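Nothing in this text is a laboratory measurement; each read-out follows from the coordinates by a stated rule. The structure displayed is predicted, hence computed values, not measured ones. Cβ coordinates were reconstructed from backbone atoms using ideal geometry, including for glycine residues, and neighbour counts include every protein chain displayed.
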Amino acid sequence: MFVVFDEALLRLPSCLAVHAQLRPNLNKFTSDDYVQYIQQLPDIHICGIIRKNETETIVLALAIYRNYLTTYDTHRFEIDDLIVDEKERNHGLGTDLMNYLIQQAKQCHAVQIHIHCDLNNTDAHRFFFRFGLIIPIFEFYLKNSQLLESNNQIQVIDITDLSENEYEQFLIRVHNIYLQLRPHLPIDQKTYIDQIRNIRQNGSVRIIIAINNNDKNEVLGLAAYRVVYNIKYGVGRCLINYMKNEGKKLGIDQLTLDSGCQRGQAHKFYYREGFIISQFGFKMSC
């Protein structure tokens, strides 16, 4: 039977056991630690399939997904984890769970479903391809947060927490640059500002911009969910270094970003900065 997971289900030994088949790092947790870890994850939904009789309840499959706003596709439905117990596979449980998630995405008015999948998980790749998913995105990650030499004539500013008026003025200044990365963003200035403001208010989005330290203070690039950079001036590196520093403050030693498969120039830049491709990003239309 399909269920939305509550704390009681999360505490079942079979829940952690099944989840750890996909995420082996979870094996380090006790049941209490696992529940605490899952409950602190922001804005996630957990559902799955269980078998229940008079004496016990067993988790057979589970999925973790999020539904949030982005500049990429405005309304994103993203599946973080989808796993069926290895002893219960080839009985249609994965198909049933995937169909359930598709219906959930439609109810959220998402136009696409996104799933990240490890490069070596070929069984999952075949499963997703059967559903018509494609791979339009590479996920890059950088484990080493060592700063690389960057242009000291460029200043990076976090505009997220500025006053509404200052925030709006900076959004106006970066509008044309943002359109280079997100051509589908509104051309109309007011509509564009309202959309970005809505994303900021409804999610943990931070926007940083790179400014040339000269008399004109030109805006050269920005970073939010993606990075827009100018290779000539080293703007991209300044933005990456800023995010590395922010990660260190939070005790995070890994940066993760998505990049469309066709963005060859961006991929070359990420490789130079030390990123590697860690996952494929699958998607399908709802």
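See the values below:
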read-out: Theoretical FRET efficiency, 1/(1+(r/R0)^6), r = Cβ-Cβ of ALA20 and ARG66, R0 35 Å, to 0.05; value: 0.95
read-out: For ILE157, net neighbour charge (Lys/Arg +1, Asp/Glu -1) across residues whose Cβ lies under 12 Å away; value: -1
read-out: Nitroxide proxy distance, nm - points 7 Å out along Cα→Cβ at PHE29 and GLN201; value: 3.3
read-out: Region 2-110 - Kirkwood radius from inverse mean 1/r over Cα pairs (Å); value: 14.6
read-out: Equivalent ellipsoid semi-axes - Cα gyration tensor, region 103-181, angstrom; value: 36, 23, 12
read-out: Rounded FRET efficiency, nearest 0.05, which uses the C-beta distance separating ASP253 from ASP96 and R0 of 45 Å; value: 0.75
read-out: Residue of ASP33, ASP215, ASP43 that the Gaussian network model of the chain assigns the largest fluctuation, springs spanning Cα pairs under 10 Å; value: ASP215
read-out: Largest-first ellipsoid semi-axes for the chain, taking √(5λ) over the Cα gyration tensor eigenvalues, angstrom; value: 38, 20, 18
read-out: Against the rule of thumb 2.2 N^0.38 Å, how large the Cα Rg of region 154-253 comes out; value: 1.06
read-out: 10 °C / 1.306 mPa s Stokes-Einstein diffusion coefficient of region 67-116, Kirkwood radius on C-alpha pairs, µm²/s; value: 133
read-out: Count of Lys pairs (Cα-Cα under 20 Å; at least 8 positions apart or interchain) in the chain; value: 9
read-out: Helical contribution to [θ] at 222 nm, DSSP H n ≥ 4, -39,500 (n - 2.57), averaged over the chain, rounded to 500; value: -11000 deg cm²/dmol
read-out: Fraction of antiparallel bridges per DSSP, the chain only, in percent to nearest 5; value: 95
